[in-house]
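Read the structure below first, then the notes.
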Amino acid sequence: MKIAIVAALGCLAVAAETISVPAGETMKVEGGRRFAAGKLVKDGAGLLDLTGAQLPDEGMEIREGAVRLAANGTPCAVTARHLRFRVTEARPAKPGAPDYGRSGIQFSEFRLFMGGKMLEMPKDAQAEGDDGSREGKQKGIDGNLKTKCFRGMPFVIHFKQDITFDAYSFATGNDAIGRDPRSWTLEAGFERKGVIHWVGLSEVHGFDVPKVRCADIGTTFPVSLVTALAVDYPLTICGKGRLVLNGVHQALDACSGNGLVWLEQGAKVEFGAGSSFTGSAAGEGTACWRK
C-alpha cells in the first residue's frame with residue numbers, strides 16, 4: 001500500500017497527503033491519529049476507514065474508492081487536547097444537610113484510562129474558568145481525593161500535548177451525596193483553524209454513584225466517537241469517489257463533487273446551503289438538501 005506526501009509548488013499551493021488503497025483492500029487509520037496540516041487526498045479503489053481520525057484543516061478529496069466514517073458506538077481510543085465533561089443531572093436527594101440535593105454538582109477527581117490503567121493527569125493540564133478557590137475547577141484534576149470541584153459545569157480541561165485514552169471515570173466529593181453526578185456527557189474538542197469543534201464521546205443517564213465519599217466510583221466508561229466531520233469541513237467527493245457514513249448524523253455545508261454518499265445503519269446526511277454537491281446519496285439512511 002502506497003502513502004505519498006505531495007507538496008505542491010507555488011506560494012498559494014497547499015500541501016497534500018495522498019493515501020492510495022488498492023482495490024479489494026481496507027486501510028484502517030487508528031482512532032485519534034492527527035493528520036498533518038494541509039489536505040488529505042484519497043486515491044485507489046479500496047476502502048480507507050478514518051473513524052476517529054483528526055483530519056487536516058484544509059479538507060479532504062475522495063478521488064477514487066471509499067472513505068468510511070462510523071459512529072456505531074464501538075469503543076475506541078481517542079486522542080485529544082480538550083475535554084468537556086457536562087453533568088446534566090445530580091442524584092435525587094433531600095435539600096439541606098446532609099444530602100444537599102439540588103445545590104450543585106461536585107466530584108473530587110476526573111479520571112482518564114488507557115488499556116485498563118489509570119493515566120496520570122498531566123501537571124500542566126488546565127481547567128477552564130478556575131477561580132482559584134478551595135473548591136475551584138482545578139481541584140478536579142489536582143490528584144487529591146480530599147479536594148473537590150464544586151459547581152464547575154461544564155468542566156472543560158485543556159491539555160498542552162495530545163492525550164490518548166479509551167475510558168474515563170471520576171471520584172466522589174467529601175460530602176453531600178445530593179451533588180453526585182447521575183447523568184452526564186463527555187466530549188472531545190478538536191481544533192481547526194483556531195476554533196474548537198466539540199465531538200461527542202459518551203453519554204450516561206441515571207447512573208447510581210456509590211455513596212462512599214472521597215473515593216473512585218469503581219466503574220469506568222468507554223468512549224466512542226459519535227459524530228464525524230465539522231459542519232463546514234471542506235470535502236470533495238469526485239465521480240469515482242464514495243463517502244460511507246455508518247450511523248453518523250452528518251451535516252455538510254462545504255461539500256462539492258458528483259460522487260456518492262452511501263448511508264449505513266440509519267445514517268443521515270444533510271447538504272447545507274453552502275454545499276455544491278451534485279452527486280447522489282443512497283443506502284439505509286436519509287438524505288436531504290437545504291437551499
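Descriptive notes on the structure:
- Between residue 231 and residue 23, full extension at 0.36 nm per residue minus the direct alpha carbon distance yields a gain of 71.9 nm.
- With one equal scatterer per alpha carbon and no solvent term, the Debye-computed log10 I(q)/I(0) for region 59-149 at 0.17, 0.22 1/Å reads -0.94, -1.23.
- Solvent-accessible surface (1.4 angstrom probe) belonging to residue 114, in square angstrom, nearest 10: 70 Å²
- A simple spin-label model places pseudo-atoms 7 Å from Cα toward Cβ; at residue 278 and residue 94 they are separated by 7.1 nm.
- Cα-centred dipole magnitude for region 140-291, charges only on beta-carbon of K, R (+1) and D, E (-1), debye, nearest 20: 260 debye
- The string of couplings for region 94-105 from the Karplus curve (6.51, -1.76, 1.60, θ = phi - 60°) is 6, x, x, 5, x, 6, 6, x, 6, 10, x, 10 Hz, one whole number per residue in order, with x for Gly and Pro.
- Karplus-derived HN-Hα couplings along region 117-129 (A = 6.51, B = -1.76, C = 1.60, θ = phi - 60°), whole Hz, x at Gly and Pro: 10, 5, 8, 6, 5, x, 5, 9, 5, 10, 8, 5, x
- The solvent-accessible area of residue 289, taken with every protein chain present and a 1.4 Å probe, is close to 120 Å².
- Length-normalised contact order of the chain in % [C-alpha pairs under 8 Å, at least 6 apart]: 17 percent
- Solvent-accessible area per residue for region 55-134 (1.4 angstrom probe, square angstrom): 51 Å²
- Accessible surface area normalised per residue over region 145-218 is 42 Å², counting heavy atoms of protein chains with a 1.4 Å rolling probe.
- D by Stokes-Einstein for region 116-223, Kirkwood Rh over Cα pairs, 25 °C, 0.890 mPa s: 163 µm²/s.
- Between 250, 161, 138, the residue with the greatest mean-square fluctuation in the GNM of the chain (Cα pairs under 10 Å linked by springs) is 161.
- Whole-percent carbon and sulfur share, accessible surface of the chain, 1.4 Å: 51 percent
- Expected-Rg normalisation [2.2 N^0.38 Å, Cα atoms] applied to the chain: 1.14
- The overall shape of region 37-191, judged from the alpha-carbon gyration tensor, is prolate: a/c is not under 1.5, and a/b is greater than b/c.
- Across 240/291; 268/291; 117/160; 42/291, pairs whose alpha-carbon gap is larger than 23 Å: 240/291; 42/291
- Taking the Cα centre of the chain as reference, the dipole from Cβ charges on Lys and Arg (+1) and Asp and Glu (-1) amounts to some 440 debye.
- Surface calculation, 1.4 Å probe, protein heavy atoms: residue 217 sits at approximately 10 Å² accessible.
- Calculated FRET value between residue 160 and residue 204, using beta carbons and R₀ = 22 Å, to 0.05: 0.20
The values are calculated or read from the model by the stated rules, or taken from the named source; none is laboratory data. Everything numeric in this text was worked out from a predicted model, so none of it was measured. A quick note on method: Cβ atoms are made from the backbone with ideal geometry, for glycine too, and the neighbour counts reach across all protein chains shown. Accessible surface is based on the protein model in full, side chains and every heavy atom, while ligands, DNA and RNA are left aside. Shrake-Rupley method; radii C 1.70, N 1.55, O 1.52, S 1.80 Å.
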